[in-house]
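Read through the structure below, which is laid out as C-alpha cells, and then see the notes.
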C-alpha cells in the first residue's frame with residue numbers, strides 16, 4: 001500500500017487518495033445539475049469533452065456539508081472511469097510514499113476508507129477511490145431508485 | 001431499377017481493381033512469377049465481371065470473363081502468363097480501362113473487342129498458341145496521361161473527427177461571440193461573423209459528405225422479406241417508398257437492425273397466412289411497406305403492414321405477467337398500451353421461432369432509435385394492420401437545441417421535439433394548444449430543483465413527448481435557440497436518468513440534453 005498520496009483537509013479531517021489515480025486537480029466555479037441527483041452527487045463538469053461527475057466528499061463521508069464555490073475538485077481515474085471528488089476549499093497537499101508506508105486497516109465506520117496512514121503520527125484516512133467511483137456510477141444509473 | 005446513381009461507385013470500385021491488376025501484371029513481367037499473383041488477378045477480374053454484369057455493361061463483363069477463363073487455366077496448372085500471353089493480358093487490361101473510362105464519361109461503350117476475345121480464347125485452348133496480329137487497337141501509349149479519379153474513398157471515421165473539430169470551433173466561436181459583444185469591437189465582430197460563415201460552410205459540406213440514401217442500407221431487404229415469408233409460409237409483397245431520402249451515415253447505421261427487426265415482426269406476427277387472409281376477405285398476400293419521408297428537420301421511417309394488428313388485451317396481460325402493476329396497466333390509454341411492446345422481456349409470440357418471440361427486440365429497437373436522438377411510436381388497428389414509426393434527426397452531433405435557463409442552471413431540449421413556445425399566466429395548470437388541452441408540468445420540478453414561485457408570467461414549451469404533447473413550464477426562466485455540438489454520454493455514465501447527451505457552451509459550461517420522456521416517467 002505504498003506510493004505517494006494526495007491529502008485533502010476537509011472539516012478538520014484529513015483524507016488521502018493514491019497519487020497515481022489523480023488525473024487533475026481543478027478549481028471549479030460551477031457544477032451543472034444532474035436531474036434528480038442523489039445527495040452525494042454535487043453535479044458534473046465538462047473537461048476535455050468528457051463528463052466528470054462530481055461526488056460531494058463531505059456528504060459521502062457524513063461530514064458537515066461544504067458549499068464553497070469555486071471549490072476544488074480532485075479528478076481520479078478509477079477503474080470505473082473518471083470521477084471528481086469535491087473538497088470545497090480544502091487544502092490540498094501531498095506526502096511521499098516513504099512517509100506513509102505504515103497503514104492500519106479499519107474494521108468499520110467508513111464505507112469508502114481503506115485504512116489509516118500515520119505519516120509523522122497524523123491520522124490520515126486513505127479513501128477507496130474505486131469504491132467511490134463505482135458507487136457514483138451505480139447511484140446515477142437508470143436502474144437506481146429515484147432519490 | 002435505376003442503376004445510374006451507382007455509376008460513380010462502380011467506376012471507383014472497378015478503378016481500384018484495375019489499379020491492382022496493373023500492378024500485378026507488371027510484377028509478373030518484372031520476373032516475380034508467383035502462383036498467388038495469378039490467383040489474385042483471377043479474383044480481381046472475377047469481381048469486375050460480376051459488378052459489370054450487375055450494372056448491365058455486358059461487353060466489359062464479357063472481356064473480364066474471357067480473361068478470367070484463361071487465368072483459371074494458368075491457376076489450375078500452377079503456371080503464370082509470360083511473353084506474348086502477358087501482352088494479351090495487358091491488352092485486355094487496356095480494353096477494360098478504356099471501356100470503364102467511357103462509362104465514367106457517360107459515353108456509349110464502343111470498342112471492338114472481338115479479336116481480343118478471340119486471342120484470349122486461343123490462349124485458353126492452348127491448341128493454337130496463336131497471338132492475333134492485333135488483338136485490339138489499344139490506346140496509344142504516347143497519348144496516355146496520368147490522372148486521378150474524381151472520387152475517393154476515405155474512412156467514415158474521418159468525417160466523425162471532422163465533425164468533432166467543427167464542434168470545437170463552434171464552442172470557440174460561441175466564446176468569441178460573447179467577447180465581441182462585451183468588447184464592442186467592430187473588427188472583432190466582423191472577424192467572428194466571417195468565422196461563423198466559414199464554419200457553417202465547412203459544416204454543411206461535411207454533413208453533405210456524411211449523408212447516405214436510405215436505399216444504400218435497405219437494398220438487401222427484399223431478400224430478407226422473401227426468406228422470412230418463405231420460412232413462415234406467408235406471401236408478402238414488400239415495397240420501399242422514399243428510399244432516395246438521405247440520412248446521416250451514423251444514424252442510418254444505428255437503425256439498420258431495428259428496421260430488419262420491425263419487418264421480421266410484421267411478417268411473423270402481423271401478416272396472416274394466405275388461407276386466413278382469404279377467409280377474412282383480404283388478398284392472399286400481405287403488404288409490408290417501408291415509407292421514408294422528410295418532415296421539418298427529421299426523417300420519418302414507417303414500417304407498416306396490413307396484417308392482424310396488435311392485440312391490446314394480450315399486451316396488457318403479458319405486461320402484468322412480467323411484473324407491471326395491474327392498476328397501472330388498466331389506467332393506460334391506447335397508445336401507451338401499444339408501447340408496452342417495448343418493455344424489456346415482453347413478447348406477444350406464443351412460440352419462439354428463429355425469427356422472433358424471445359422477448360428481445362422491440363425494447364432494443366426503441367433504445368437504438370432514441371440513442372441517436374430519434375423517437376419511436378406504434379399505431380395499430382385490430383384486423384387492419386400495424387404501423388411502426390421512427391422519427392430520426394437528419395444529422396447527429398450538431399443539432400438545434402433550445403437552451404433553457406432556470407436560475408443558475410442551463411438545460412437543453414432538442415428543437416426537433418418542440419412544437420411551440422407560449423406564454424402562460426401564473427396559476428395556470430393547463431395549457432390549450434391547437435384544440436388540445438394538456439397539463440402544465442414544471443421543468444424545475446422534473447429536474448429536481450426547488451420552485452420558488454412568485455412569477456406572474458411563465459414561458460411554456462409544447463413538447464412532443466412519447467405519449468403525446470406535453471406543456472413544460474420554464475418557471476420564470478428564459479429560452480434561446482442555438483446550434484450545439486452534441487456529444488453522446490460515454491461509459492461509465494452512459495445511462496444517467498433523464499439525460500440523453502450533453503454539450504459544452506463557449507464558456508466551458510456543461511449543459512445536459514434532457515430526456516423529457518424519461519423525466520416524465
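Filtering the range B:383-409 down to residues that are modelled with pLDDT under 90 and part of a strand (DSSP E or B), which residue is surrounded by the fewest Cβ atoms within 10 Å (Cβ to Cβ)?
B:400
Could you tell me whether the range A:8-19 includes any residue that is more than 14 Å from every other protein chain (Cβ to nearest Cβ), more than 27 Å from residue B:449 (Cβ to Cβ) and part of a loop (DSSP other than H, G, I, E, B)?
Looking through the range A:8-19, at least one residue is more than 14 Å from every other protein chain (Cβ to nearest Cβ), more than 27 Å from residue B:449 (Cβ to Cβ) and part of a loop (DSSP other than H, G, I, E, B).
Matching residues to (1) within 26 Å of residue B:8 (Cβ to Cβ); (2) surrounded by fewer than 16 Cβ atoms within 10 Å (Cβ to Cβ):
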position	(1), (2)
B:213	yes, no
B:250	yes, no
B:254	yes, no
B:261	no, no
B:267	no, no
B:284	no, yes
B:287	no, no
B:310	no, no
B:317	no, yes
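Identify all residues within the range B:504-521 that are farther than 21 Å from residue A:83 by Cβ and surrounded by 17 or more Cβ atoms within 10 Å (Cβ to Cβ); write none if there are none.
Those that are farther than 21 Å from residue A:83 by Cβ and surrounded by 17 or more Cβ atoms within 10 Å (Cβ to Cβ): B:505, B:513, B:514, B:515, B:516, B:517, B:518, B:519.
For residue B:277, indicate whether it is outside any loop (DSSP other than H, G, I, E, B), without any contact (Cβ under 8 Å) to a residue 24 or more places away in the chain and touching a strand residue (DSSP E or B) at 6+ places or on another chain (Cβ under 9 Å).
Yes: the conditions hold for residue B:277.
What are the residues in the range A:27-48 that are within 11 Å of chain B (Cβ to nearest Cβ), within 16 Å of the chain's Cα centre (by Cα) and not in a loop (DSSP other than H, G, I, E, B), if any?
Answer for the range A:27-48, where residues must be within 11 Å of chain B (Cβ to nearest Cβ), within 16 Å of the chain's Cα centre (by Cα) and not in a loop (DSSP other than H, G, I, E, B): A:28, A:41, A:43, A:44, A:45.
Would you be able to say whether some residue in the range B:448-464 is within 13 Å of chain A (Cβ to nearest Cβ), modelled with pLDDT of 80 or more, closer than 27 Å to residue B:339 by Cα and in contact with a strand residue (DSSP E or B) (Cβ under 7 Å, 6 or more places away or on another chain)?
Within the range B:448-464 (the criterion being within 13 Å of chain A (Cβ to nearest Cβ), modelled with pLDDT of 80 or more, closer than 27 Å to residue B:339 by Cα and in contact with a strand residue (DSSP E or B) (Cβ under 7 Å, 6 or more places away or on another chain)), the answer is no, since none of the residues qualifies.
Quick check on the range B:188-197. Is at least one of its residues touching a strand residue (DSSP E or B) at 6+ places or on another chain (Cβ under 9 Å) and assigned to a helix (DSSP H, G or I)?
Within the range B:188-197, none of the residues are touching a strand residue (DSSP E or B) at 6+ places or on another chain (Cβ under 9 Å) and assigned to a helix (DSSP H, G or I).
Can you give me the number of residues within the range A:56-98 that are away from chain B (no Cβ under 14 Å), surrounded by 14 or more Cβ atoms within 10 Å (Cβ to Cβ) and in a strand (DSSP E or B)?
8
Residue by residue through the range B:407-444, note down the ones that are within 14 Å of chain A (Cβ to nearest Cβ) and touching a strand residue (DSSP E or B) at 6+ places or on another chain (Cβ under 9 Å).
B:409, B:410, B:411, B:412, B:413, B:441, B:442, B:443, B:444 - these are the residues of the range B:407-444 that are within 14 Å of chain A (Cβ to nearest Cβ) and touching a strand residue (DSSP E or B) at 6+ places or on another chain (Cβ under 9 Å).
Taking residue B:52 as meeting all but one of (1) within 36 Å of the chain's Cα centre (by Cα); (2) surrounded by fewer than 16 Cβ atoms within 10 Å (Cβ to Cβ); (3) at pLDDT 80 or above, write down the number of the exception.
Checking residue B:52 against (1) within 36 Å of the chain's Cα centre (by Cα); (2) surrounded by fewer than 16 Cβ atoms within 10 Å (Cβ to Cβ); (3) at pLDDT 80 or above, the one that fails is (2).
Within the range B:501-513, can you find the residues that are more than 7 Å from chain A (Cβ to nearest Cβ) and either touching a helix residue (DSSP H, G or I) at 6+ places or on another chain (Cβ under 7 Å) or free of Cβ contacts under 8 Å to residues at least 24 places away in the same chain (or both)?
Those that are more than 7 Å from chain A (Cβ to nearest Cβ) and either touching a helix residue (DSSP H, G or I) at 6+ places or on another chain (Cβ under 7 Å) or free of Cβ contacts under 8 Å to residues at least 24 places away in the same chain (or both): B:505, B:506, B:507.
When you scan the range B:225-259, how many residues do you find that are part of a helix (DSSP H, G or I), under 30 Å from residue B:272 (Cα atoms) and out of contact with any helix residue (DSSP H, G or I) (no Cβ under 6 Å at 6 or more places or on another chain)?
8
Can you find even one residue in the range B:173-195 that is modelled with pLDDT under 80 and within 14 Å of another protein chain (Cβ to nearest Cβ)?
Yes, the range B:173-195 contains a residue that is modelled with pLDDT under 80 and within 14 Å of another protein chain (Cβ to nearest Cβ).
What are the residues in the range A:121-136 that are within 11 Å of another protein chain (Cβ to nearest Cβ) and touching a strand residue (DSSP E or B) at 6+ places or on another chain (Cβ under 7 Å), if any?
Selection gives A:133, A:136.
The values are calculated or read from the model by the stated rules, or taken from the named source; none is laboratory data. All of these numbers come straight from a predicted model, not from anything done at the bench. Glycine also receives a Cβ, built like all others from the backbone with ideal geometry; neighbour counts cover every protein chain displayed.
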